[in-house]
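Undergrad: Before we start, here is the structure in question, set down as structure tokens.
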Amino acid sequence: MSRIKAYKNPDRGPAWCAEGEMGEFSYYASADTLEELSTLIAEAAAESGIFPEVILVDNPDKDEAPIAEIDLSATGVR
């Protein structure tokens, strides 16, 4: 199963990060807004033809319940 975890960046740099797996490949992206990050994920998914589950979490290193699921179709990318 492909899953991407999006989270607020606790370090310096872009405010949001995403990491996980898209198919058999690792995926990482960062952006200044959650909307921009969602668009980057949606563009990569559309290009690869693999549409991962995208969840919002507090800590990407822990197995915790997601805060929310991000709907990639809301980005308008096809």
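The values are calculated or read from the model by the stated rules, or taken from the named source; none is laboratory data. Note that the coordinates shown come from a computational prediction; the quantities given were computed from them, not determined experimentally. All Cβ positions, even for glycine, are placed from backbone atoms using ideal geometry, and neighbour counts span all protein chains on display. The area values use the complete protein model at the heavy-atom level, side chains included, leaving out ligands, DNA and RNA. Shrake-Rupley method; radii C 1.70, N 1.55, O 1.52, S 1.80 Å.
Undergrad: Which members of the range 36-55 meet the condition of being surrounded by fewer than 17 Cβ atoms within 10 Å (Cβ to Cβ) and in contact (Cβ under 8 Å) with a residue 12 or more places away in the chain?
TA: Let us first name the residues in the range 36-55 that are surrounded by fewer than 17 Cβ atoms within 10 Å (Cβ to Cβ), namely 36, 43, 46-51, 53.
Result: E36, E43, A46, S48, I50, F51, E53.
Undergrad: Which members of the range 1-26 meet the condition of being aromatic (F, W, Y), in contact with a helix residue (DSSP H, G or I) (Cβ under 9 Å, 6 or more places away or on another chain) and within 19 Å of I67 (Cβ to Cβ)? Step through it out loud before you land on a result.
TA: Within the range 1-26, the subset aromatic (F, W, Y) is 7, 16, 25.
Going one step further and asking which of them are in contact with a helix residue (DSSP H, G or I) (Cβ under 9 Å, 6 or more places away or on another chain), we end up with 16, 25.
Scanning the range 1-26 gives a single hit, W16.
Undergrad: The conditions are (1) β-branched (V, I, T); (2) within 24 Å of P10 (Cβ to Cβ); (3) open to solvent by less than 70 Å² (accessible area, probe 1.4 Å), and I67 fails exactly one of them. Which is it?
TA: All conditions pass for I67, except number (3).
Undergrad: Something else: If I go through the range 9-34 residue by residue, how many of them are surrounded by 11 or more Cβ atoms within 10 Å (Cβ to Cβ) and touching a strand residue (DSSP E or B) at 6+ places or on another chain (Cβ under 9 Å)?
TA: The number of residues fulfilling the criteria is 17.
Undergrad: Follow-up. Is it true that T33 is at pLDDT below 95 and among the hydroxyl-bearing types (S, T, Y)?
TA: Details: at pLDDT below 95: no; among the hydroxyl-bearing types (S, T, Y): yes.
No, not satisfied.
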